[in-house]
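Please treat every number below as a calculation from the coordinates, not as lab data. Everything numeric here is computed off the predicted structure, so don't read it as measured data. Please note: Cβ atoms are built from the backbone with ideal geometry, for glycine as well, and neighbour counts cover all protein chains shown.
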Amino acid sequence: MTTKKKLIIAAVVVIGIASTVGYSIFARNRGVVAVQAGRVSRQDLTQTVSANGEIKPKKYVNVSSNMMGRIDRLPVKEGDRVRTGDLLVQLESIQSEADVKAAEAMLDGAQSDVEGMAASIRSAEAAVNSARADITRSEADVARAKQDFDRAELMSKEGLIAKEQHDKIKADHEIAVAALNSAKAHLAQAQAQAAQTLNQRDSTFTRIAQQRASLTRAKDQFSKTTIRSPLDGIITYLPVNEGEIAIVGVQNSAGTVLMTIADLSIITAEVQVDETDIVSVKIGQEARVKVDALGDKILMGHVSEVGNSALNRSGTTTTTTTTGVGQEAKDFKVVVTLDDPPPELRPGLSATATIVTATRQHVLTIPIQALTIREFDADGKTLNADKKPDPNADTSTNAEKDRNKKAVDENKKKLEKEGVFTAKNGIALFRAVKTGITGTTDIEVLDGLGENDDIVTGPYQVLRTLKDNTQIKIEKAP
């Protein structure tokens, strides 16, 4: 046998052996899924919620004018520190001051009228008393004339007096009665005049009350031309200048904001937390605030306010519940009060708050990406993929209804379980777990796993389709 033939035979033998070994390896690895693995471990876990917002003072006031007018004086500038009661703005006050003087003059006139009526009332009371005295005197005269008349009647019947004298006594009696009636009329007139004077006085009192109200209103309008600081703070915003016109706000139009005064002794970060995270945010929780303008510096604080009304991403408050496919995502306002704010902080600076919502010490944890969800039937078995329709099945209406009813019944029996795949002896086994708080990369395991258990952690595409009792081989993560 020549050397060439030996080489050919050796080559054929080597190729055959290699083919056999390759096929055996292929056959052995067929159906084996390559996965990445990790291990259940114990560690300290912190759950946080992050949200963006801006720096705001806890207490601030947008100063506006309650009346329209030209700005005559503006003795402050942006950055000035002011105290409660300090002069901020002086508006033009010529008209309002004139209104005050006019109201004062009208009030003085009405009070003078009341003083003049006091004399009239006293005169009317004297007239009433005089009329009553006249009545008393007239009544006495009538009584005396009546006695004389009665006596004259008897004497006239007996012929003791002359008829002329009888008629004179009778006339005297009638004159006394007329005088009494006249005195009564004078009393009624005096009383009417006194009542009229009292009514005039009461009317004047009412007018005085109206004039006092007008004076109070005029003084109030005049006082509004002088605007003073309502709190101690720093002027952080001053968009107006002397000579400009301050406009009063109406229902559909905002008024002129003359300035903003902020109390910078208490600084907050007002952030908007997503609706999915707001349930875990509570007052008093610790927070770390990072301000873009301060670089990597972290400011410590605590949650001091949690909003109850949802805010649309557009910034409007949600007051009604709406449904629909296009429903807008919502946030909730959360206020974080900074414990020790640096002096370089300014209102309006962008900030990010990381709120610590829960902490656990030395708990079992697994990587978040290892967690998956599988569906099980009523018997606890993993559900297979959707079955293909049977070509030999009855397609009649009744059969179709039965199949639909059966499908509905099967769907009702489906049960979703959250768990992980453990790696044991090259086999992936699904194990349901109960989880707790979630950290940045890990999640707490309350039940279902033990420390140092090996679990499948990836890749993500494999975990999505991995089935129970699948053969696996562990490889390193790229």
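Quick notes on this one:
- Region 95-223 - percent relative contact order, Cα under 8 Å, separation 6 or more: 51 percent
- Extending 7 Å from the Cα toward the beta-carbon at both residue 137 and residue 185 defines two label points whose distance is 1.8 nm.
- Using only side-chain charges placed at the Cβ, +1 for Lys and Arg and -1 for Asp and Glu, the dipole size of region 95-223 relative to its Cα centre rounds to 140 debye.
- Sorted fewest first by neighbouring Cβ atoms within 10 angstrom, 415, 258 come out as 415, 258.
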